[in-house]
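What follows is a single structure, written as structure tokens, with notes after it.
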Amino acid sequence: MKKITALLVCLFIITATFCSCGYEYADIEYDATYSRELAGTTLNVYNWGEYISDGGDDSIDVNLEFEKLTGIKVNYVTYESNETMYSQLKSGGVSYDIIIPSDYMIERLKNENMLKKLDYQKLTNFKYIDNKYKNLFYDKNNEYTVTYNVGMVGVIYNPTIIGEPEHTWKSLWSKKYKDMSLNFSNPRDCFMTAQMILGYSLNSTKKSEWKEACELLKKGKGVLQSYVMDEVYGKMETGEAGIGPYYAGDYLTMAETNPDLKFYYPEEGTNIFVDAICVPSSVKNYEAAMMYINFLSEPQIALANAEYIGYASPNTSVVNNEDYLYYKNPILYPKEKDMPKTEYYHDLAPELRSYYENLWLDVKLY
């Protein structure tokens with residue numbers, strides 16, 4: 001009996017160590033009702049890095065709260081770019097129940113029959129999604145998506161290192177910032193920085209314009225320190241780099257670590273994007289996916305995510321909450337007079353996509 005008791009004590013300690021990790025569950029009131037009928041099953045979620053409230057900095061651990069509520073185990077995996085996510089899904093070697101791609105990639109996945117329609121009758125919290133983020137170009141009839149986050153791309157810089165730059169994309173090419181400048185390590189965003197300088201559409205169908213943008217990016221490599229995605233956090237927060245483009249919401253997160261960092265939307269304009277929750281056609285646990293999507297749109301969960309991630313929220317219960325950390329923040333929610341010129345990315349024809357992806361390889365190898 002003593003051996004059994006000792007074993008139970010050890011199991012309890014191990015469970016507490018590996019499961020709770022010091023996190024105390026939040027006292028949350030939910031709008032929807034959640035079943036435990038799928039307790040013991042697994043939900044595979046594929047999302048961007050740094051893109052969900054995880055219990056750090058006294059935030060809510062969203063995945064743990066969902067597990068506690070439903071008994072469904074969340075297997076959470078991250079990616080750094082839409083293209084990485086797409087290649088993983090396309091390979092067929094892995095299966096996910098939830099993905100959160102950006103607008104143009106959603107359009108591509110839908111066009112290639114890689115998404116499954118959602119059961120909106122089970123998504124009662126869809127009522128909180130602002131109408132301006134419904135029926136967008138990539139899902140005109142709202143069959144496949146629930147908007148998760150909204151944002152724009154801008155430039156982060158450290159004036160204590162580089163001074164005050166001109167508020168233009170051209171600053172990334174400035175010889176004054178040699179070896180202190182960064183750019184995106186994914187083709188659509190990186191090409192965007194050059195296309196904006198050249199005055200071309202981000203969805204240009206002219207190969208000559210993509211080629212010209214390619215040549216401009218090559219020229220910029222002479223001053224560039226490196227191409228980055230989430231590595232930008234460490235480089236900008238520590239002062240290893242002085243200027244680089246990234247998503248507005250991530251700037252707010254970086255500025256909490258390094259208050260010297262500043263931000264601007266370039267005068268030429270920028271990309272505006274929407275990331276939305278989808279279910280791949282290869283889904284294994286569809287009903288759990290519906291619960292998870294509805295859960296992410298819960299007012300308290302959406303608020304936790306919006307404050308932790310720092311992106312603009314499409315959830316009206318968040319945006320209209322005066323206690324929201326970023327309530328009326330001018331970077332996330334600029335007034336109309338301060339709104340930069342913007343353009344969404346769209347899915348491009350396969351031939352053109354292949355063309356610019358080859359150009360991207362040319363840029364990286366140059």
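For the reader, a short list of remarks on this structure follows.
- If you go through the stretch 92-115 and keep only what is farther than 25 Å from ASN271 by Cα and either among the charged types (D, E, K, R) or outside the structural domain of TYR51 (by TED's automatic domain parsing) (or both), you end up with just ASP97.
- When the residues of the stretch 311-366 are filtered to those that are touching a Phe, Trp or Tyr at 6+ places or on another chain (Cβ under 7 Å) and of a type in the set (Gly, Ala, Ser), the one that is surrounded by the most Cβ atoms within 10 Å (Cβ to Cβ) is ALA312.
- Hits in the stretch 228-254 - residues which are over 18 Å from the mean Cα position of the chain (by Cα) and either part of a helix (DSSP H, G or I) or among the hydroxyl-bearing types (Ser, Thr, Tyr) (or both): LYS235, MET236, GLU237, THR238
- So ILE197, is it in contact (Cβ under 8 Å) with a residue 40 or more places away in the chain, assigned to a strand (DSSP E or B), farther than 20 Å from ASP103 by Cα and not acidic (Asp, Glu): no
- If only residues of the stretch 26-53 that are in a loop (DSSP other than H, G, I, E, B) and polar (S, T, N, Q) are counted, the one that is surrounded by the fewest Cβ atoms within 10 Å (Cβ to Cβ) is THR33.
- Test: TYR96 is touching a helix residue (DSSP H, G or I) at 6+ places or on another chain (Cβ under 6 Å) and not hydrophobic (A, V, I, L, M, F, W, C): no
- Of the set (1) at pLDDT 95 or above; (2) surrounded by fewer than 20 Cβ atoms within 10 Å (Cβ to Cβ), all apply to PRO101 but (2).
- Matching residues in the stretch 308-351 - criterion: being under 19 Å from LYS262 (Cα atoms), assigned to a helix (DSSP H, G or I) and either of a type in the set (Asp, Glu) or free of Cβ contacts under 8 Å to residues at least 60 places away in the same chain (or both): ASP338
- Only one entry of LEU182, LEU118 meets the criterion of being crowded, with 17+ Cβ neighbours inside 10 Å, in contact (Cβ under 8 Å) with a residue 12 or more places away in the chain and more than 19 Å from GLU267 (Cα to Cα), and that entry is LEU118.
The values are calculated or read from the model by the stated rules, or taken from the named source; none is laboratory data. Since we're looking at a predicted model, the values are computed, not measured. Every residue, glycine as well, gets a Cβ built from its backbone with ideal geometry; the counts of neighbours run over all protein chains shown.
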